[in-house]
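Input: a single structure, listed below in structure tokens.
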Ligand code: FES
């Protein structure tokens with residue numbers, strides 16, 4: 001039998017409800033897991049989550065559109081979020097932002113053509129005394145300089161290449 005992407009998403013969400021339960025409180029952790037795995041939360045995923053948790057799909061959509069860490073559009077494998085709040089601004093955020101845009105060839109809010117990187121702004125990450133600060137997925141980098149931007153991006157590319165070659169060996 002042909003297993004479609006939608007079947008796979010449904011099956012994954014069903015498994016997640018075994019871990020997190022089917023109460024409304026399971027909504028956030030399930031959304032985070034789906035976002036992590038698929039880099040987005042599709043309409044099908046939202047519908048399935050709503051069905052399994054017995055809540056209205058509009059409520060799921062409301063949560064997805066409220067939290068900027070959740071997205072209904074595809075994003076890059078590495079989401080780089082640079083803090084734009086006052087302390088980081090005073091510590092050189094603008095130079096870091098320029099370097100990120102130059103190195104990746106996209107502006108904030110955009111994803112690179114190879115689907116590897118998305119650039120986004122974030123509000124205070126709680127690292128104000130060590131700014132400029134940014135997140136790559138859930139990893140924090142502090143005291144970021146334009147030079148460090150280059151290392152961070154190279155690190156992401158290396159880890160992706162390793163991941164790809166590992167997958168190849170498995171098959
Ligand atoms: S202002 Fe950037 S981490 Fe707080």
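No lab work stands behind these numbers, since they all come straight from the coordinates. Just so it is clear, the structure is predicted and the values come from calculations on it, not from any experiment. Virtual Cβ from ideal backbone geometry, glycine too; neighbours counted across all protein chains shown.
Remarks
- Both radii were evaluated on the Cα set of region 91-155; the Rg over Rh quotient, with Rh as the Kirkwood radius, amounts to 0.93.
- Alpha carbon Rg of region 23-171, scaled by the compact-globule rule 2.2 N^0.38 Å: 1.16
- Computed helical MRE - 222 nm, the chain, DSSP H runs ≥ 4 contributing -39500 (n - 2.57), nearest 500: -17000 deg cm²/dmol
- Normalised by the number of residues in the chain, the mean separation of alpha-carbon contacts (under 8 Å, six or more apart) gives a relative contact order of 17 percent.
- The alpha carbon convex hull volume per residue for region 126-171 rounds to 57 Å³.
- Report note on the peptides 156-165, 8-17: ranked by the mean count of other C-beta atoms within 10 Å, highest first, their order is 8-17, 156-165.
- Amide N of region 2-29 lying under 18 Å from the label point, which is placed 7 angstrom from the Cα of residue 56 along Cα→Cβ: 24-25, 27
- Global geometry of region 5-66, whether rounded, prolate or oblate, following the gyration tensor of its Cα atoms and the 1.5 cut on a/c: rounded
- In degrees, nearest ten, helix 146-170 long axis to first principal axis of the chain (Cα): 40
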